[in-house]
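Heads up: the structure comes next, in structure tokens.
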Amino acid sequence: MFFGRLIKLSAYLIAVVIFALCLAVLMRQHDLELIKQFQSLQQVDPLPRARELADAGEYCQALEYLDYFMDYDYVKESPKVAELYDEIKKKRESYLFVGADIATGVLKGKGACIESLVSATVSDFFLVGDVRDLAIGLTNKYYYGQEADEFTMALAGVGVLASGVTYMTAGAGAPVKTSLSIFKMAKKLNKIPASLQKSLIKVFKRSAEARDLKPMMPLAQSVYRISKTPGLKMGDMFAVLSRSRNLRDIKTMERAAAIYGRKTGKFLSLGGEAPVAVVRRFPTDKNIVEAVDTAVKYGPDGTRLLAKTGPTKFLNYVRATKYAARTTRSVWQGRLNNLLVKTMSLLPQSAIFSLAMLSGLAVVGIPTAFVLRKVLHRRR
């Protein structure tokens, strides 16, 4: 009799232990899965993409892309990267390339290098660019029978208005002119999403029809403030616009530029949607810049984990895997209660769920049955 009860009690205690172990493992599966993902992160090799851009004649973009990664020692200390960088730089600085780029900026209002951007911007400020774009649009429409681009025509129309206001009010329309020049070049480089273009067209038309820049001012001031971010380049502004789907996104980008500073373009170019998502979700996190800067060197996998975990937690995981690559698993599994839990964590999750259900039924069912028998016995 005694031994029978002892065996039953022992079996019940074993069920309790198994149930507790299953719960412990299930509660920590998320941490263990994250560690696996962080351990599998691989640093991006910028050479293939840089070569691809250089082979396409996009020397400035290739150099800019390599510059983004020069902040990281594993790239900066690579002889192959240094060799490719010097090769591209030599081609980019040739007189033939520079001259052609300046001409492209003046005549077509586009280009990706500083020479074409400066020449295009100067021509825009002196009204040449607006008249040029209107003339090209009207020629295409009436002479060649082509449909004029609505965005370009609306932009040029409000640009003419802004030129007059700038001269008449001693520069009061400068933010508008600056923003319009940025929009114009971004459009010609195909850096403005279609949804943002539709929103901008509405604003441009309201200003042009009212012959007043007031409808433009909130938008223009946001773009102007972003452009004045210390260390921000024109290419970075294109990255800002390419990540904006509507006018509200431009306000978000203003906050992002204030947080990321000179690294705004780098983060937006390399990090996809993650840098903006992080600004929205963790705007006050003190580790946000360091976390994004670390995430982008691991490519899409790194930025995905950043958006999933948040800046501070992301850095904690990265540091754990960086300084204890071979022992990270044991360190994190050390948070489990004991060796039994570690062993059980190796089982498939379906098996752990099954054990949890069976042991849970025993843990709950046996005391419940005992209590019911006592109640029924007393009633008799």
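The values are calculated or read from the model by the stated rules, or taken from the named source; none is laboratory data. Keep in mind that what you see is a predicted model, and the values were worked out from it rather than measured. Here the Cβ positions follow ideal geometry from the backbone for every residue, glycine too, while neighbour counts run over all protein chains shown.
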Checking the condition in contact with a Lys or Arg (Cβ under 8 Å, 6 or more places away or on another chain), modelled with pLDDT of 75 or more and over 30 Å from Leu361 (Cα atoms), which residue from Gln37, Gln61, Gln43 passes?
Gln43
Filtering the stretch 64-82 down to residues that are of a type in the set (Asp, Glu) and either outside any helix (DSSP H, G or I) or modelled with pLDDT of 90 or more (or both) yields Asp67, Asp71, Asp73, Glu77
Can you tell me which residue in the stretch 297-307 is farthest from Asp71 (Cα to Cα), limited to those that are in contact (Cβ under 8 Å) with a residue 60 or more places away in the chain and in contact with a Phe, Trp or Tyr (Cβ under 7 Å, 6 or more places away or on another chain)?
Leu305
Sole exception among (1) within 15 Å of the chain's Cα centre (by Cα); (2) within 22 Å of Lys187 (Cβ to Cβ); (3) of a type in the set (A, V, I, L, M, F, W, C) for Phe267, by number
(2)
Does at least one position in the stretch 265-276 carry a residue that is farther than 24 Å from Phe314 by Cβ and either outside the structural domain of Met70 (by TED's automatic domain parsing) or among the small types (Gly, Ala, Ser) (or both)?
no
Tally time: how many residues in the stretch 244-265 are without any contact (Cβ under 8 Å) to a residue 24 or more places away in the chain and crowded, with 21+ Cβ neighbours inside 10 Å?
1
Regarding Tyr85, is this residue at pLDDT 80 or above, surrounded by 18 or more Cβ atoms within 10 Å (Cβ to Cβ) and either closer than 20 Å to Ala291 by Cα or in contact with a Lys or Arg (Cβ under 8 Å, 6 or more places away or on another chain) (or both)?
no
Every residue in the stretch 149-196 that is touching an Asp or Glu at 6+ places or on another chain (Cβ under 7 Å) and either surrounded by fewer than 17 Cβ atoms within 10 Å (Cβ to Cβ) or modelled with pLDDT of 85 or more (or both), please.
Val160
